[in-house]
Amino acid sequence: MKMFAIAGITGKVGAVAATALLNAGHQIRAVVRSEEKGAAWKARGCEIAVVPDAGDQTALERAFERVEGLFLMNPPNYDSDAAFTDSRHRVAAAARAISKVKPARVVLLSTVGAQVREFNLLNWGGIYEHALAETGIPVAFLRAAWFMENASWDVAAAREGQIHSHLQPLDHAIDRVSVKDIGRVAAELLQETWTGTRTIELTGPRKYSANDEAAGFAAALGRSVEAVAIPRETWEAQFRAQGMQHPAARIRMLDGFNEGWIDFERNRTEQRTGTVTFETVLRELITQH
């Protein structure tokens, strides 16, 4: 029985990873923002480490000490400033804590396109990867494709017969993967041993387009569903109306997927493929909503 610390355990990927490790007979230290957020995991027998501020190095050291492995992720922020100040603050504290307490290994939930130098929202992945590589601790960068579960944003619109997509052309397929596969692979990696750094690129069974998403919703709902492209010239106004102050990085990320320059590196990386299909995820999203 080994102890693993799981940051982001209240999120979808962290929860799947933690559950897989518990099922394998291991102990879990749930890294959470408050005792209240950790209550459900405490009830499952997990140790709780409260870290209210992800930039608090001292609290992170307590959370990361005496563990066999650590699952780390960067909380999503679609409105990061151009310097990615929030990500740099968090990873600096995490890297210092990891360097000091020296867990046996670290698995970082990174992202497809982490290696891309062109400015876009996913640049945080490269920032995290570089900082953690400098710690000297064995670390695996789990670069996951576009989350299939992001389609949860489209459920209400699909019920009305249309989904509105920033991913275009509508028949342009990209790699997507389910959080179930991401969490499963993260748990598998935490139980492996290696030296140095590894980069694992994780895709789903095949690529999917916006039209494929619409067809999947149509099959799940038993009605016609059409995908409609959101004109690019309207994106900035749309995002600002939603409260964003720094939409440029998100816009360039979408451009990167649409134009093809955000993609997996493939060379000098490990490749793994998930088993959960987009159609399965869409049916589950309909049921959940």
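Key figures for this structure:
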item	result
Where labels lie 7 Å past Cα in the beta-carbon direction, separation of LYS207 and GLU259 in nm	1.7
Heavy-atom accessible surface of segment 193-289: percent carbon and sulfur, 1.4 Å	47
Euclidean distance between Cα centres, segment 99-153 to segment 22-40, Å	22
Pairwise label distance in nanometres, ASP171 with LEU221, each label 7 Å out on the Cα-Cβ vector	2.3
Whole-number percent relative contact order across the chain, with pairs defined as alpha carbons under 8 Å at least 6 apart	19
Antiparallel bridge percentage (DSSP; both residues within the chain; nearest 5)	5
Residue order for TRP194, TRP235, TRP261 - accessible surface, 1.4 angstrom probe, largest first	TRP261, TRP194, TRP235
Candidates per chymotrypsin sites (Phe, Trp or Tyr not before Pro) in segment 46-134, loop by DSSP, up to 15 other Cβ within 10 Å	TYR78, PHE119
GLU226 accessible area, 1.4 Å probe, all protein chains in place, Å² to nearest 10	100
Helix-derived mean residue ellipticity, 222 nm - over the chain, DSSP H n ≥ 4, -39500 (n - 2.57), to 500	-12000 deg cm²/dmol
Calculated Kirkwood radius over Cα pairs in Å (choose from (1) 19.7; (2) 22.4; (3) 19.2), label	(1)
Exposure rank, largest accessible area first [SER224, SER178; 1.4 Å]	SER224, SER178
Where the chain is the region considered: accessible area per residue in Å², 1.4 Å probe	45
Low-density loop cleavage sites - trypsin sites (Lys or Arg not before Pro) in segment 217-289, where at most 11 other Cβ are within 10 Å (DSSP)	ARG266, ARG268
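The values are calculated or read from the model by the stated rules, or taken from the named source; none is laboratory data. For clarity, every value in this text was computed on a predicted model and none was experimentally measured. Here the Cβ is made from the backbone with ideal geometry for all residues, glycine too, and neighbour counts use every protein chain on show. Side chains included, ligands, DNA and RNA excluded: accessible areas come from the protein's heavy atoms. Shrake-Rupley method; radii C 1.70, N 1.55, O 1.52, S 1.80 Å.
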